[in-house]
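See below for the structure under consideration.
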Amino acid sequence: YRVRAAGVSKAQVAELASGKVHVAATLDLHGLTAVNAAEATRGFLGRALAGQCVLVIHGKGLHSGGLSVLRDAVVAELMGPSSGMVHAFATAAAKDGGEGATYVLVKR
């Protein structure tokens, strides 16, 4: 998936999704519940450096019967309560976890 706020070009999102943007910080959500993962993501984005790319590792759902509960919680958080802090987000490149992680470009 690739999601962008108004004013963000498709080229910027393509660069983000390709993994060419430097990751300034990483949050690993493995082992958390969906509610705790959403809260942790919100707090992490609030502390992240404005204008920077961060990586949120949520896993692929391999231990949840194939359902990516944490990824769904992260996406809901990024599109909902934390949307004001998010410039764009995209599934990570394979080198950074692929479907098990999400790049987030934090608003300036």
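The values are calculated or read from the model by the stated rules, or taken from the named source; none is laboratory data. All of these numbers come straight from a predicted model, not from anything done at the bench. Please note: Cβ atoms are built from the backbone with ideal geometry, for glycine as well, and neighbour counts cover all protein chains shown. Ligands, DNA and RNA are stripped out before the accessible areas are found, and what is left, the full protein with its side chains, is counted by its heavy atoms. Shrake-Rupley method; radii C 1.70, N 1.55, O 1.52, S 1.80 Å.
For region 69-91, give me the residue count where each residue is over 19 Å from ASN36 (Cα atoms) and under 8 Å from the mean Cα position of the chain (by Cα).
Number satisfying all stated conditions: 3.
Report, by residue number, each residue of region 13-25 that is touching a strand residue (DSSP E or B) at 6+ places or on another chain (Cβ under 7 Å) and open to solvent by less than 80 Å² (accessible area, probe 1.4 Å).
Hits for region 13-25 are VAL13, LEU16, ALA17, VAL21, VAL23, ALA24, ALA25.
State which residue is most open to solvent (accessible area, probe 1.4 Å) when the search covers only region 59-92 and only residues that are farther than 13 Å from GLY19 by Cα and in contact with a Phe, Trp or Tyr (Cβ under 8 Å, 6 or more places away or on another chain).
Top of the filtered list is VAL75.
Quickly run through region 93-107 and pick out the residues that are among the charged types (D, E, K, R) and over 14 Å from LYS20 (Cα atoms).
Matches in region 93-107: GLU99, LYS107.
Would you be able to tell me the number of residues in region 33-54 that are out of contact with any strand residue (DSSP E or B) (no Cβ under 8 Å at 6 or more places or on another chain), surrounded by fewer than 18 Cβ atoms within 10 Å (Cβ to Cβ) and either aliphatic (A, V, I, L, M) or touching a residue at least 24 places away in the same chain (Cβ under 8 Å) (or both)?
3
Pick from region 1-30 the residues that are closer than 15 Å to LEU78 by Cα and charged (D, E, K, R): which of them is nearest to the chain's Cα centre (by Cα)?
Only one residue fits best here, namely ARG2.
Find all pairs meeting these conditions: Cβ atoms under 8 angstrom apart; at least six residues apart or on different chains; first residue within region 1-29 and more than 24 Å from LEU70 (Cα to Cα); second residue open to solvent by 50 Å² or more (accessible area, probe 1.4 Å) and assigned to a strand (DSSP E or B).
VAL8/HIS87; LYS10/ARG4; GLN12/ARG4
Would you point out which residue out of LYS107, LYS95 is among the charged types (D, E, K, R), closer than 20 Å to CYS53 by Cβ and exposed (fewer than 14 other Cβ atoms within 10 Å of the Cβ)?
LYS95
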